[in-house]
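Everything below concerns the one structure shown next.
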């Protein structure tokens, strides 16, 4: 995944932003396991220790499901 898309995905989960269709395609290629690992590893960084894990988990799921929908993959089949 290219750095511009990493930034868009990060922003959509940890801040406020949207992921482009191109970046959604890159997220889907990497897969759900990689997406979840990215979120988990980021939350382990002390910089993000004050973030609500449940809020981040919800935003992560929303980002994944939005990308799955944009790309035309059923969110449940891509888990």
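Values quoted throughout were computed directly from the atomic coordinates according to the rules given, and no laboratory measurement underlies them. Everything quoted here is computed from the prediction, not taken from an experiment. Cβ sites come from the backbone with ideal geometry, for glycine too, and all protein chains shown count toward neighbours.
Just a few scattered comments:
- Taking 12, 54, 69 in turn, the Gaussian network model of the chain (Cα-Cα springs below 10 Å) assigns the largest fluctuation to 54.
- Per-residue [θ]222 nm for the chain (sum of -39500 (n - 2.57) over DSSP H runs n ≥ 4, rounded to 500): -22000 deg cm²/dmol
- Computed from Cα atoms, the angle from the helix 3-14 axis to the main principal axis of the chain rounds to 60 degrees.
- Once both labels are positioned 7 Å from their Cα atoms along Cα-to-Cβ, the gap between residue 42 and residue 30 label points is 0.9 nm.
- Relative contact order of the chain, pairs being alpha-carbon contacts under 8 Å that are 6 or more residues apart, as %: 36
- Each of 45, 36 was scored by other Cβ atoms within 10 Å of its Cβ. Listed from fewest to most, they are 45, 36.
- Between helix 53-71 and the chain: long-axis angle, C-alpha atoms, 0 to 90°, nearest 10: 20
- Angle between the chain longest axis and helix 21-30 axis [Cα atoms, degrees, rounded to 10]: 80
- Working from label points 7 Å from Cα in the Cα-to-Cβ sense, the residue 51 to residue 1 distance is 1.2 nm.
- Stretch gain in nm, segment residue 18-residue 71, where the contour uses 0.36 nm per residue and the Cα spacing is subtracted: 17.6 nm
- Within the chain, all pairs of alpha-carbon atoms sorted by distance into 5 Å bins from zero give the percentages 3, 16, 29, 28, 16, 6, 2, 0.
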